[in-house]
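Inspection log for the structure reproduced underneath, given as structure tokens.
The values are calculated or read from the model by the stated rules, or taken from the named source; none is laboratory data. Predicted model only: the values in this text are computed from it and were never measured. Here the Cβ positions follow ideal geometry from the backbone for every residue, glycine too, while neighbour counts run over all protein chains shown. What goes into the accessible areas is simple: the full protein's heavy atoms, side chains included, and nothing from ligands, DNA or RNA. Shrake-Rupley method; radii C 1.70, N 1.55, O 1.52, S 1.80 Å.
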Amino acid sequence: MVRFFKKIPNFKLPKYKMRDIDDIEELKADYTLEAIEEMKKKQQDEKVGAHGYPETDYQTVKEIFDRSTELFKDRPFIVEKFNKKEGFKEITYGQFREDVLNLGTGLSRAFKLQDEKIMIIGETTYPWYVSYMAMLCGVGIAVPTDKELPDNELENIIKRSDAAAIIYSPKKKDQIKKVANKCPGVKYFIEMKSDDKLEGRFVGMEFVMQEGKFLRDMGQNFFEEKKIDPEAFAVLLFTSGTTSAAKGVMLCNRNLAYNINAVAPYVYLDVNDRLFSVLPLHHTYESTIGFLLPMAMGCSIAVCQGLRHIANDMKETSPTAIIAVPLLIESLYKKINQGIEKSGKASVVKSMITVTNAMKNLGIDVKRKVFRDIYENLGGKLRIVVSAAAPIDPAVGKWLEDIGIIFLQGYGLTETAPIAALTPDWDPRVGSVGKAVVCNEIKIDSPNEKGEGQILIKGKTVMLGYYEDQDATDEVMDGEWFNSGDIGYMDEDGYVYITGRSKNVIVTQNGKNIYPEEIEGLLAKVEEIKECMVYGKEVAGEKELIITVKVIPNYEYIEETHGKDLDEDAVYKIIWNQIKQVNRKLSNYKTVKKLEIKTDEFEKTTTMKIKRFAEIAKDKAKEAQADK
């Protein structure tokens, strides 16, 4: 698949009005021993300790849907800006229930799509949530698809999945019309937010829902009463594949329901929480943890109207939690700190962090009050930031914790629907991706002297297999154990630490393993480097792979720091000097030997991982062309 976005847009945060330490009442208060003990007792009462929160035992998503849409029917569920002039609109759980039942009935009975595969493609919007839920509640098999696919790849996925219908957003209308003639097997093309009647194979989703409502009003409640088999094939997701071609991952209702059962004991969420949706819904990370989990807890979901609007949307909707990928979190971190620098209060904030950390160690936690100036620019209520899908600089997570935000990391793959491990909110341990969730087991296979080995996962969230590809399934499954392809180790408390990906490993002539992610983690701290990819380059006449790094320079920072109008050679020298500093921190066999400046964007997966195999393949193709 293709990238989620080429780069993070240059969004802006409002200016900070940071207070001085002398102006913060919470830091001047006279805390007596009695007051401190009272605070400690209150914190202890609020903290669950190592036993976790109450567990759930859902077997299907429909169980979650039925419970939540009845229990929270009058509470807001989806918060979206349908019209820029009108601001955000709240849609209740009760309305969501009606829309899902109407659509499900219309698709199943009026349009005879029961048990068929239906593709859903488009940006995050209310009809996407309704469509996905209708499928999980019993219409057939959902095929959530990347909205950024080019025509040829979209056509390929339609045919590979044998989709009988496609539900698409209005923004995809032109592309859908292009591929329609090449996909005769598709019975219906259903446009979101349209009430057009059936014309040929095209029809509006609102019309389908009206037909469903008519049938329900006539007493046909078969869809509402339909029983769901937890083990039946329910979702087909084509992975983006950082190291190989896309595979079709088959998930069942049990996989998704147990993701909720898995996360609930580790993170506290309730009806007062609002999650901020910024990632694409076709990916399991967002569709499960950003959609099904908050639905199970009675939370609301605020839909970001685009990354350029992230700051304004957060201020307007006041989310309490955001689920994101490292690149976005690191961008927010940088923007916040740039704003603090410009306000001239960077040293004040550092002092506040030192003081509040010391106070917290004594049992006095006033971070949220002290750093409220930072919180206000993020909506005022943010309390949880979750990072997953790729490694993140631990310094970013530590800084978020320093200002009072709970920073969590999760780990998993599409094949685990997606959560396999998660850091509990009462013991996050920045740097770890967490402990195995309650319904899964994780083990390290054949660990080396450092305890590192391949990460194997077993449990309720592991996929049914790859669609129509038993050989690929057999490659990754050893009995009930799924081989993640990742390398890591586990500490004595069961916390997992990722150190690399086995398919990315560079093996030297004397058998030493070099994990690119380790070197990339160090290079990511170099301000002159925007993005980078480390790999072993094959060079004619050389037996050893040459450790090479492709770099997209941070031209904005380079101009600010080293001067404007620099030529390519000057930029190269500046970055190479920084790389030499990083090399001093590495064993000799791991040091970067070659630098390549990249002038275009990296090709990425939807979760922002660089497609190493695609980038290396491009190089080989160019070299082959040059040799002709």
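Key figures for this structure:
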| read-out | value |
| --- | --- |
| Looking only at the stretch 582-620, and only at residues there that are of a type in the set (A, V, I, L, M, F, W, C) and in a loop (DSSP other than H, G, I, E, B), the one that is surrounded by the fewest Cβ atoms within 10 Å (Cβ to Cβ) | Leu586 |
| Residue list for the stretch 304-316, filter: of a type outside the set (Gly, Ala, Ser) and not in a loop (DSSP other than H, G, I, E, B) | Leu307, Arg308, His309, Ile310, Asn312, Asp313, Met314, Lys315, Glu316 |
| Selection within the stretch 503-515 - within 23 Å of the chain's Cα centre (by Cα) and surrounded by fewer than 17 Cβ atoms within 10 Å (Cβ to Cβ) | Lys503 |
| Qualifying residue in the stretch 93-107 (condition: farther than 23 Å from Gln220 by Cα, open to solvent by 10 Å² or more (accessible area, probe 1.4 Å) and modelled with pLDDT of 95 or more) | no |
| Per-region count, the stretch 188-197, residues farther than 13 Å from Ser169 by Cα and open to solvent by less than 90 Å² (accessible area, probe 1.4 Å) | 2 |
| Per-region count, the stretch 458-495, residues buried (at least 17 other Cβ atoms within 10 Å of the Cβ) and touching a residue at least 24 places away in the same chain (Cβ under 8 Å) | 21 |
| Complete set of residues in the stretch 519-556 that are of a type in the set (A, V, I, L, M) and free of Cβ contacts under 8 Å to residues at least 40 places away in the same chain | Val539, Ala540, Leu545 |
| Any hit, the stretch 317-324, residues being buried (at least 21 other Cβ atoms within 10 Å of the Cβ), free of Cβ contacts under 8 Å to residues at least 40 places away in the same chain and in a loop (DSSP other than H, G, I, E, B) | no |
| Filtered residue count, the stretch 348-371, keeping only those that are open to solvent by 50 Å² or more (accessible area, probe 1.4 Å), assigned to a loop (DSSP other than H, G, I, E, B) and not charged (D, E, K, R) | 1 |
| Condition broken by Ser131, with the remaining ones in (1) in contact (Cβ under 8 Å) with a residue 24 or more places away in the chain; (2) small (Gly, Ala, Ser); (3) touching a Phe, Trp or Tyr at 6+ places or on another chain (Cβ under 9 Å) satisfied | (3) |
| Filtered residue count, the stretch 477-495, keeping only those that are among the aliphatic types (A, V, I, L, M) and farther than 26 Å from Phe613 by Cα | 1 |
| When residues of the stretch 564-581 are limited to those that are of a type in the set (Lys, Arg) and within 24 Å of Glu520 (Cβ to Cβ), the one most open to solvent (accessible area, probe 1.4 Å) | Lys573 |
| All positions within the stretch 352-388 that are in contact with a helix residue (DSSP H, G or I) (Cβ under 7 Å, 6 or more places away or on another chain) and over 13 Å from Ile403 (Cβ atoms) | Leu362, Gly363, Ile364, Gly379, Ser387, Ala388 |
| For Val208: the one exception among (1) of a type in the set (A, V, I, L, M, F, W, C); (2) touching a Leu at 6+ places or on another chain (Cβ under 8 Å); (3) free of Cβ contacts under 8 Å to residues at least 24 places away in the same chain | (3) |
| Candidate set: the stretch 56-81, residues that are assigned to a loop (DSSP other than H, G, I, E, B) and in contact (Cβ under 8 Å) with a residue 40 or more places away in the chain; chosen: the one most open to solvent (accessible area, probe 1.4 Å) | Asp57 |
| Scan of the stretch 160-176 for residues that are among the hydroxyl-bearing types (Ser, Thr, Tyr) and either open to solvent by 10 Å² or more (accessible area, probe 1.4 Å) or over 10 Å from Met192 (Cβ atoms) (or both), ordered by number | Ser161 |
| Some residue of the stretch 530-549 being at pLDDT 95 or above, basic (Lys, Arg), over 26 Å from Gln581 (Cα atoms) and open to solvent by 40 Å² or more (accessible area, probe 1.4 Å) | no |
| Criterion: open to solvent by less than 30 Å² (accessible area, probe 1.4 Å), among the β-branched types (Val, Ile, Thr), without any contact (Cβ under 8 Å) to a residue 40 or more places away in the chain and farther than 26 Å from Gly248 by Cα - qualifying residue of Ile405, Ile374, Ile384 | Ile405 |
| Every residue from the stretch 131-159 that is open to solvent by less than 10 Å² (accessible area, probe 1.4 Å), outside any strand (DSSP E or B) and not small (Gly, Ala, Ser) | Tyr132, Met133, Met135, Leu136, Cys137, Val139, Asp146, Leu149, Leu154, Ile157, Ile158 |
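To keep it simple, each residue is scored yes or no on (1) surrounded by fewer than 20 Cβ atoms within 10 Å (Cβ to Cβ); (2) farther than 24 Å from Arg372 by Cα; (3) over 17 Å from the mean Cα position of the chain (by Cα).
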site	(1), (2), (3)
Leu251	no, yes, yes
Asn255	no, yes, yes
Ala264	no, yes, yes
Ser287	no, yes, no
Gly298	yes, yes, yes
Ile310	no, no, no
Ile336	yes, no, yes
